[in-house]
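The values are calculated or read from the model by the stated rules, or taken from the named source; none is laboratory data. Since this is a predicted model, take the numbers as computed values, not measurements. No Cβ is skipped: glycine too gets one built from the backbone with ideal geometry, and neighbour counts run over all protein chains shown. These accessible areas exclude ligands, DNA and RNA; they are computed on the full protein's heavy atoms, side chains included. Shrake-Rupley method; radii C 1.70, N 1.55, O 1.52, S 1.80 Å.
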Amino acid sequence: MKFINYLEKITDVDIYALSSFSIFFVVFLAMGFWAWKADKKMIEEISRLPLEN
Amino acid sequence: MQVEKFYYDNKIVKMYAYATILWGVVGMLVGLLAAIQIYLPAANFGLPMTTFGRVRPLHTNAVIFAFVGNGIFMGVYYSLQRLCKARMFSDALSKIHFWGWQLIIVSAAVTLLLGYTTGKEYAELEWPIDIAITLVWVIFGINMFGTILKRRESHLYVAIWFFIATWVTVAMLHIVNSFEIPFSFLKSYSWYAGVQDALVQWWYGHNAVAFFLTTPYLGIMYYFLPKAANRPVYSYRLSIIHFWALIFIYIWAGPHHLLYTALPDWAQSLGTVFSIMLIAPSWGGMLNGLFTLRGAWDKVREDPILKFMVVAVTCYGMATFEGPMLSLKSVNAISHFTDWTIAHVHIGALGWNGFLTFGILYWIIPKIFNTPLYSKKLATTHFWIGTVGIVLYAVPMYWAGFEQAMMWKQFTDDGTLKYQFLETVTHIIPLYVIRSIGGVLYLSGVFIMVYNIVKTVKSGSLVANEAAEAPALSKNIETHGEQYWHRWIERRPIQMLVFSLVAVAIGGAIEMIPTFLVKSNIPTIAAVKPYTPLELQGRDIYIREGCYLCHSQMVRPFRDEVARYGEYSKAGEFVYDHPFQWGSKRTGPDLARIGGKYPDSWHYNHMLDPRSMSPGSIMPTYPWLLDNPIDTAITPAKIRAMQTLGVPYPKGYDQQANADLMAQANAVRINLKIDKITTPANREIVALIAYLQRVGTDIKLQRAIESLQSNK
């Protein structure tokens, strides 16, 4: 594989930035939503795991 | 439900703990030597092996991959077994992993000192070692995932997520950045060239910090801090957000190492934006750590382990606040290439990694030897000496960095540069001296720890197999409330691995693909031609001696740099540079426009004794270059490797190359003779001079052609 340049110019370069930002943002929102709604008892149980032994 | 009896493997934890201590001492001693060499050139001892350019990569590799590396494995092997309620998957794999890693460290130390380096910072190890690292990393992965799969605890605690993300990302970074074409048993050329090589290298370099020095240590923090404080982490929810935000954002931030360079502007901006976003998850993690101690600060007063952890987490917070600030172009314009960067990384290395490691060592050793720590008082002494050491290290370096950058940029009223480069170096030497005193203090703290741990080990006996019991993992998993999708993934380590990989791979790919594919990103310069065989040999000597560790080859588009060095660097100038040699620190001046600046004889005398040409210079001497013959037997293989990488040498040129090499070497020899220097033509110094006289001159040729054309 030689690093010659395959494309002459980059059209719609913003699609790279937009798609990556959307992916990040959606995952982040989903995570935030989950963390907010998660069952309190389960969270407490998991957070005590290091103390068990 | 039936309770199963099993045993935790503490012996492997002990082995990693000992290796961590051993390599910590070695790596820091080498660092101290490097720190002294900066103000005392005689400490280079005039030998190739002990010269700064080889000592410095040994220091960085030793502390990152040997000290912190073994620290990671110590933390993972201890916590993973307990969080999974299972012994490690395979004792044999644990041992192969351990000894394989130590063998890599030893071969790394030997080859680096012998001058075998790829010339890419923190990825200096040559191709056979790169392959060994990949194999051992895979063994670690099998052992880790095997343990996770046979666990007796349905939940995967957040620490394990950090370990999984670490494993998968380090694997990806290492493989992508290590693409290289071998041309001999221990030497290769980077697959990438110039600006692309720089982008891949700093994508790797930055994420080595992120995924080798940070995420595994965060996992370790999330396990050992609650353990030491005997209370659960402040907010488990926050730790989940911390994890996902961190791995998503970190992977993008690499280009902030290349601000104002010849890297395309959009990539620089991308790096800046994501670096600033990084403050949020980093500080979320830091506050989560510190708040875990809420209501327990009285314990911190008593317990040296918690003291170490509090300072470690605080240093994490400082370094991750500073990182985004340094990614702002206006701040970076001052900080980059100066000791400010050195101060920044040592807040992370000495504070975050070092202190967290010490805290965990003081916690684990008594635990697995089933005896109290020999002396709490000595541990507290270690803490205070270490803390003063960090301050004495960092403050002078911040000062030096800021002061030197200001001096570089000052002009007189007549519009000329106020200071010679050398003046800006000699001015900060006292600060270098204080820095090494800080290093001595930090290291003496480590020796106190060694004594304390030896005494503790002697008073106890290793519980090699620690008995534990837990019910087998039920097929019917009990549920709490509603089942959200995260609950689904949280139970599935393999899917977790895949999602982590997707998260980091997207970032890497989107950042790099456009630079590789788009022609407009690297405008070509007609006058830029491949190096001649002699220059290529010279360039390899430049890489071997680690010149890039003190000299950049990147003139940024600033008034002072253009006035001091010459025309600013263009991406198109580096298309045949496998690897790129832009550097990251200017302990000496930039060399991007060194070609033609001085006569050949100046370089000859300067390499023999830098102080004869520049009184007060702190550069080491390189007398062996005057005696070593050029290895011409390897020239054809080098040319062929370059041809494979797309460098346009004519077909069959590998067989002619040595004839051209000797012709050019003779020209240099005659040039030196005119200045009353007698040397055979086939000496390494001749090749190095040929290379240095070529660097950055192609663009001058281009300008000459342009002015000829406009005069027509």
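Filtering region B:164-179 to residues that are within 14 Å of chain A (Cβ to nearest Cβ) and either closer than 23 Å to B:Ala571 by Cβ or surrounded by fewer than 23 Cβ atoms within 10 Å (Cβ to Cβ) (or both) leaves B:Val176, B:Phe179.
Table: residues versus (1) modelled with pLDDT under 95; (2) farther than 24 Å from B:Ala35 by Cβ; (3) assigned to a helix (DSSP H, G or I); (4) within 15 Å of the chain's Cα centre (by Cα).
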residue	(1), (2), (3), (4)
B:Met49	no, no, no, no
B:Arg82	no, yes, yes, no
B:Ala108	no, no, yes, yes
B:Thr111	no, no, yes, no
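When B:Thr215 is tested against the conditions (1) within 14 Å of chain A (Cβ to nearest Cβ); (2) within 22 Å of B:Thr314 (Cβ to Cβ); (3) of a type outside the set (Phe, Trp, Tyr), the lone failure is (1). Taking region B:582-636 as the range and being open to solvent by 20 Å² or more (accessible area, probe 1.4 Å), among the β-branched types (Val, Ile, Thr) and either outside any loop (DSSP other than H, G, I, E, B) or without any contact (Cβ under 8 Å) to a residue 12 or more places away in the chain (or both) as the test, the residues that pass are B:Thr632, B:Ile634.
Can B:Ala665 be described as farther than 18 Å from B:Gly53 by Cβ, open to solvent by less than 40 Å² (accessible area, probe 1.4 Å) and at pLDDT 95 or above? Steps first, answer last, please.
Details: farther than 18 Å from B:Gly53 by Cβ: yes; open to solvent by less than 40 Å² (accessible area, probe 1.4 Å): yes; at pLDDT 95 or above: yes.
So B:Ala665 fits the description; yes.
Could you list, in sequence order, the residues of region B:458-508 that are assigned to a loop (DSSP other than H, G, I, E, B) and modelled with pLDDT of 75 or more? Passing the criteria: B:Gly460, B:Ser461, B:Leu462, B:Val463, B:Ala464, B:Ala472, B:Leu473.
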